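This report refers to the structure that appears directly beneath it.
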Amino acid sequence: MFNSILVWAAVPKLEFRRESGGTKRNRDVYRLPIPIYLDLEIIRPVVSTNGGWHDVGWILPWETYYETQVRYILDSTTEALFSHAERKFNQVEILYFRHWWSLSNDTTREKMRTIISRGQLEFNTGGMTMNDEACTLYSDQINQMTEGHRWLHDTFGVIPTTSWHVDPFGHSSTTASLWSLMGFYAYAIHRIPSQNMDRGAMGDAGSHTDLWTHIIAPLYDTPAEMRFDLMDQGHTIRSIAALTAQMIRSQQVSYRHNYQMVLWGGDFYHRDAPTDYNLMDRLIREINDTPDYNMTLQYGFYSDYAKAVHSLNLTWDVVEGDFFPYVEDTHVAWTGFYSSRPWFKWYVRQCGALQAAAETFVAVRRWDDETYEKLEAALYRLREATAVVTHHDAITGTETTATMLDYIVNLQSAVNQTTLALSQTISSETREGNHTLGVVQYAVINSLAWRRKEWISMETEYPDAIVRNDKGRRIPSQGKKYRLYFLADVPPLSTMIYSFLFLSVPSKSVKGRLKSLTDITRGDSIEISLEFAQYLSSDLDPQSDGAYIFRPQRQLDVNSVYIHSAATLSEREFTIEKASIDSVADREIVSLWVGQFSSKFPHVHVEVDSSRFQSSDVRQYNEHTVKFSRPFDREPVVVVDGRQGNYFHVLLVLVSVTRYNFTVRTDRPIWPGDAGIEVTYVAVEPIHHVSKFENFILAGKRLAGDIVEHPPINTACPILMSPFYNEPKGMAELAVDKERNTTSFRGLARKLDDNQGDVWYYYIMLPSPPPLIEILSDVPNVTVVDGPYLREVQQTHRSYVGITYLEYKPIPNTYAPPPFTDISCEIGPLPKSGRDLIVRLNTSLHTNGNIYTDDNGLEVLKRSYTCGHPEPESVNYYPTAQRRVVDGENLNVLSDASHGVASLSDGQMEMMMHRRCDADDQKGVGQVLDDVTPVQTKLRLSLGNFDESSRIQRRETIAQQNRLVVVPTFRGKSSSFQFEMPENVHLLTLMRFDDEKNVRVLVRLQHIYAKDEHPQLASPVEMDLMELFDMYDIASIRETNLSGIRGIEETKDIVWKVNRDEETAYRPIELKGNKLTLQPMEIRTFIITLT
């Protein structure tokens, strides 16, 4: 729960400026397929903190947070606001507020209603929680927002119009689009990457999804200058006011206008709200009554700030892309949480599928009041439980184990109640299905508006069964020990009953393994192999691998030497302010050995070693010559580093470099008899070679101040430098200019004497050492279970790693196999900690480092390899909710849970399947991710051309998420409907949405294709809503915003000016009577009121 009060300041006489082309941080780098407006005001580097915003569970379960913290905040804030009408408060998570409201007495409720009616409380976002944006599906985000918005509207008549989403670990373009469709006109985010990375996109949802966005920086809680705990250190309100005014004034140069939004609040702030507000009242008066400050502070909402900026009528650039991965610092990539706690991620998806099936089951027919109330009571619990786990510290796997277990208990309880309610409703009397030798019944519920003929697998104690449909006809089935497959045929939105007579038939086995994948429609084939491997990590580094962070340990050699990288400073800091290079935090210690070069550049002459020199007397300057083990063909590039004892970094300059040796000088005294100075060096032929996948080396010599240009390499890659100063005496220091970019850098020099000679610099850039990785797939044990309808290839790679390939066979006149292969990965428990387990697909495709991943299951984004980063694995991992595509021949991999995915070499893709860490990554949770839970993840593998691949991706991902739900019944009755959507239209939502007076149904229709994604299916679709939903007696149809709360005509009352070619932008086609035209990637929402 965001409980900060926004204090916003108008600074009328301060001048402001805008950097040419945007901000220094975000200039022309981010491209969103669903654009947002980026408020380009904050240009300082983003520094992330570990604030909780009243998380809906994190270190403690959410109920515990409520009892120990949140209830007191809401109680005391109610009193503080009620007594002073000028005060304001912001609320985000509705879960806490709804729970507090349900426990409040009438007096407290009446006070809160007064506060809301006076405009003192604003609900930002208004979802049940502040959801994650990397691992969640777009449908789950919509559901949790709808639950919160519906309660707010029904309880207070309130409709949120702005969104506050500052705590997720990166931001997706899909979330911005959904929020816009809910009617938000302003969006606030925080965690965006600290490095510039280009993003590509495929698809466009139209300019109507634009959303003006403000980036909160550097922190998302109260500035240090405005904290009242400074009074414990002797400060007064007057001195805090002076610090606050100075802080606001110093920040103003980064804004395009004269407004600032200053946050007051954070993690569990305002437990004693009356005292806090009294102090803030005094601070506001002090600043406003002091003419020298020349600024006005007042309590405000985020909407106040957004409207103030909007009133200036500024024009905003449209930026595209998403904000993943979130790389906080050089060695801190927040990419581990994409795959943390994989079983929990999988289970959340299963619960979402049950929720969709139950909502559809309830909505397709009219029930008597008693039955409906029973079903609605179960669904209420399930909606709340599934909404809670979309929280950014829930599905991400970044909570404590105790909190995760609490989430699971709540989910399982809701699942059991919902399943029982469905079973009782379908059955003529209640009895749990059980696997005996008698006949048992199961109902299969199809929540989709398409007919589905699919194989369903069930766990059973018996290897085979006779399965019959509701007509008594035997249908294809095949079993093995503990698992039964049967072919279900379920009409749209229908429930079909199947009867089972379990038998016992042995299975037969043969041998085999995967070698290729073939597109049977075209006959095309590619070579492909699948292997398991695991990255190894260590708890020795300051930044360890953990729940949030993925950081594998790097290989080191026994003959390694260690050299400091060059300091990175601005020219002013280095040459004018004379900053000490020894105090610069980003001077990394780089490990080097010959094999690091020779493994990729065997033709390049390299020497890596160390030498020690001593002196028999004490002199101002000491020089030492080192002879190479063998001559170079030409003058090499030499970089040196010096150490004296265990604590001293010694400044060295090169005074001579030849093919045979080099000479260094130092001004540090060497006392007779001491250990002397150890010189570590690397010498390499001058070379510039850069290709993809960490295969690069840059080595050369430049005059100080000159720019080195090179092919694109990430700016985080460390640079080794040494000064060359060919003078009889004197010293010089070097630094890398902070203004470096991906294609160039500049070496800066400062002399430590009065000599007039030139300073040159030698430089070397090279990849980080490879990660420690263990291959698990050399010779797997393989068993093939063959039957009349299906063929299973079972491989065991380790006792804790197995995989099953499932091949579906054609059944004449009954069933045609789908265009994919199902793969089931059974993993865990991992036997040791410090493991990130991956599955890797190696193919014969040439991908140039490109793959495509989905964005919350909606958009598809191009991901290109980022070369030259010290953490090349972690910064090239991206979140994927359902699908990933290997470029080249459109190799598709679909999954039933979210994963991190990367392409680290040509034609290769890897997915992180499980993690067990051995250290906490120091991001606040305070617990090691020691996950020993086994997980079974299902993948779907297919090969096809672009058009066919799009068809597979779009339809099968929806089917995979909305699985056919199996419910035990007794004497159940099938129910089917003559209703089917066009192939390119998904009935995203069908749920009862009653108000106090009417029986209503909420409907969302989604065009599942992007523009130009398919020659036929990516076209607009026309349909008549009255004819489409003719199973209802319809009184009226009204189009609404995405959360179904207000009419579409009431949304987007604030429109921002943008730089865009309006001819290329398109908006929804208005509903004409009951005639709907659905355009590519559109989601349209309607309320159907029944008679």
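Within the range 258-278, no residue satisfies the criterion of being on the phi > 0 side of the Ramachandran plot and of a type in the set (Val, Ile, Thr).
Filtered by the rule that a residue be surrounded by fewer than 18 Cβ atoms within 10 Å (Cβ to Cβ) and in a helix (DSSP H, G or I), the range 574-593 gives Thr575, Ile576, Asp582, Ser583.
Rundown of residues vs (1) open to solvent by 70 Å² or more (accessible area, probe 1.4 Å); (2) outside the structural domain of Asp140 (by the TED database); (3) assigned to a loop (DSSP other than H, G, I, E, B); (4) under 30 Å from Ile445 (Cα atoms), yes/no style:
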{"position": "Tyr1009", "(1), (2), (3), (4)": "no, yes, yes, yes"}
{"position": "Glu1022", "(1), (2), (3), (4)": "yes, yes, no, yes"}
{"position": "Ile1037", "(1), (2), (3), (4)": "no, yes, no, yes"}
{"position": "Glu1049", "(1), (2), (3), (4)": "yes, yes, no, no"}
{"position": "Pro1068", "(1), (2), (3), (4)": "no, yes, yes, no"}
{"position": "Arg1084", "(1), (2), (3), (4)": "no, yes, no, yes"}
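Would you mind stating whether Thr360 is polar (S, T, N, Q), surrounded by fewer than 21 Cβ atoms within 10 Å (Cβ to Cβ) and farther than 19 Å from Glu63 by Cβ? So Thr360 does not fit the description; no. The condition of being touching an Asp or Glu at 6+ places or on another chain (Cβ under 9 Å) and more than 24 Å from Pro879 (Cβ to Cβ) holds for Asp154. Under 24 Å from the mean Cα position of the chain (by Cα) and modelled with pLDDT of 70 or more, is that true of Gln555? When the stated conditions are applied, Gln555 does not pass them.
Scan the range 288-297 for residues that are among the hydrophobic types (A, V, I, L, M, F, W, C) and without any contact (Cβ under 8 Å) to a residue 60 or more places away in the chain and jot them down. First the steps, then the outcome.
Residues of the range 288-297 that are among the hydrophobic types (A, V, I, L, M, F, W, C), as a first pass: 295, 297.
Result: no residue meets the conditions.
Restricting the range 478-528 to residues that are hydroxyl-bearing (Ser, Thr, Tyr) and open to solvent by 50 Å² or more (accessible area, probe 1.4 Å) leaves a set whose member that is modelled with the highest pLDDT is Tyr482. The set of residues in the range 968-978 being farther than 17 Å from Thr419 by Cα and buried (at least 18 other Cβ atoms within 10 Å of the Cβ) consists of Ser975 alone.
In the range 103-123, the residues that are in the same structural domain as Tyr302 (by the TED database) and without any contact (Cβ under 8 Å) to a residue 12 or more places away in the chain reach residues that are open to solvent by less than 30 Å² (accessible area, probe 1.4 Å) and of a type in the set (A, V, I, L, M, F, W, C) with C-beta atoms within less than 8 angstrom, at least six apart or across chains, in these pairs: Ser104/Met112; Arg109/Trp101. Among the conditions (1) at pLDDT 90 or above; (2) open to solvent by 10 Å² or more (accessible area, probe 1.4 Å), the only one that Leu1002 does not satisfy is (2). Quick check on Asp896: is it farther than 18 Å from Ser537 by Cβ and touching a His at 6+ places or on another chain (Cβ under 7 Å)? In short, no. The residues of the range 801-819 that are hydrophobic (A, V, I, L, M, F, W, C) and part of a loop (DSSP other than H, G, I, E, B) amount to a single one, Ala816. Which members of the range 593-637 meet the condition of being at pLDDT 85 or above and under 43 Å from the mean Cα position of the chain (by Cα)? Within the range 593-637, Val604, His605, Val606, Glu607, Val608, Asp609, Val637 qualify. Does Leu703 fit the bill of being touching a Gly at 6+ places or on another chain (Cβ under 9 Å) and surrounded by fewer than 17 Cβ atoms within 10 Å (Cβ to Cβ)? Spelling it out, Leu703 is indeed touching a Gly at 6+ places or on another chain (Cβ under 9 Å) and surrounded by fewer than 17 Cβ atoms within 10 Å (Cβ to Cβ). The set of residues in the range 636-662 being within 22 Å of Ala566 (Cα to Cα), touching a residue at least 24 places away in the same chain (Cβ under 8 Å) and open to solvent by 20 Å² or more (accessible area, probe 1.4 Å) consists of Arg643, Gln644, Gly645, His649, Leu651, Ser656. Looking across the range 705-731 at every residue that is hydrophobic (A, V, I, L, M, F, W, C) and over 45 Å from the mean Cα position of the chain (by Cα), the one that is nearest to Val327 (Cα to Cα) is identified as Phe724.
Pairing residues of the range 233-258 that are more than 28 Å from Thr315 (Cα to Cα) with residues that are surrounded by 19 or more Cβ atoms within 10 Å (Cβ to Cβ) and aromatic (Phe, Trp, Tyr), at Cβ distances under 8 Å and at least 6 apart in sequence or on separate chains, gives Ala241/Tyr293; Ala245/Tyr293.
Suppose the filter is over 21 Å from Ser580 (Cα atoms), open to solvent by less than 50 Å² (accessible area, probe 1.4 Å) and of a type in the set (Phe, Trp, Tyr); does Phe724 pass it? Answer is no for this residue. Checking the range 790-800 against the condition returns a match, with at least one residue being in a loop (DSSP other than H, G, I, E, B) and among the aromatic types (Phe, Trp, Tyr). Listed by first and then second residue, the pairs with beta-carbon distance under 7 Å, at least 6 apart or on different chains, first residue in the range 87-99 and farther than 23 Å from Tyr277 by Cβ, second surrounded by 24 or more Cβ atoms within 10 Å (Cβ to Cβ) and among the aromatic types (Phe, Trp, Tyr), are Leu95/Trp62.
If the condition is being buried (at least 19 other Cβ atoms within 10 Å of the Cβ) and hydroxyl-bearing (Ser, Thr, Tyr), then the range 86-125 contributes Tyr96, Thr125.
Restricting attention to the range 945-958, does a residue exist that is closer than 30 Å to Ser339 by Cα and in a loop (DSSP other than H, G, I, E, B)? Taking every residue of the range 945-958 in turn, at least one turns out to be closer than 30 Å to Ser339 by Cα and in a loop (DSSP other than H, G, I, E, B).
For the range 885-918, how many residues are in a loop (DSSP other than H, G, I, E, B), surrounded by 20 or more Cβ atoms within 10 Å (Cβ to Cβ) and over 19 Å from the mean Cα position of the chain (by Cα)?
Of the range 885-918, the ones in a loop (DSSP other than H, G, I, E, B) are 887-890, 896-898, 903-907, 917-918.
After this cut, where a residue has to be surrounded by 20 or more Cβ atoms within 10 Å (Cβ to Cβ) as well, the list is 887, 889-890, 896-898, 903, 907, 917.
From what is left, the residues that are over 19 Å from the mean Cα position of the chain (by Cα) are 887, 889-890, 907, 917.
Total meeting the criteria: 5.
Note on the range 850-862: residues that are in a strand (DSSP E or B) and under 14 Å from Ser173 (Cα atoms) amount to 7. For the range 1046-1078, a tally of residues being at pLDDT below 95 and either hydrophobic (A, V, I, L, M, F, W, C) or in contact with a Lys or Arg (Cβ under 8 Å, 6 or more places away or on another chain) (or both) returns 10. Summed over the range 288-310, the residues that are among the acidic types (Asp, Glu) and open to solvent by 60 Å² or more (accessible area, probe 1.4 Å) give a count of 2.
Using the structure shown, decide if Thr136 is outside the structural domain of Leu1042 (by the TED database) and farther than 29 Å from His310 by Cβ. Write out each step before concluding.
Numbers: outside the structural domain of Leu1042 (by the TED database): yes; farther than 29 Å from His310 by Cβ: yes.
When the stated conditions are applied, Thr136 passes them.
Could we say that Asn741 is more than 24 Å from Val664 (Cα to Cα), open to solvent by 50 Å² or more (accessible area, probe 1.4 Å) and of a type in the set (S, T, N, Q) here? It is true that Asn741 is more than 24 Å from Val664 (Cα to Cα), open to solvent by 50 Å² or more (accessible area, probe 1.4 Å) and of a type in the set (S, T, N, Q).
Yes or no: Asp906 among the acidic types (Asp, Glu) and farther than 30 Å from His710 by Cβ? For Asp906, the condition - among the acidic types (Asp, Glu) and farther than 30 Å from His710 by Cβ - is not met.
The values are calculated or read from the model by the stated rules, or taken from the named source; none is laboratory data. Since the model is a prediction, treat every value here as computed from it, not as a measurement. Every residue, glycine as well, gets a Cβ built from its backbone with ideal geometry; the counts of neighbours run over all protein chains shown. Each accessible area value is taken on the protein alone, full model and side chains, heavy atoms only, with ligands, DNA and RNA left out. Shrake-Rupley method; radii C 1.70, N 1.55, O 1.52, S 1.80 Å.
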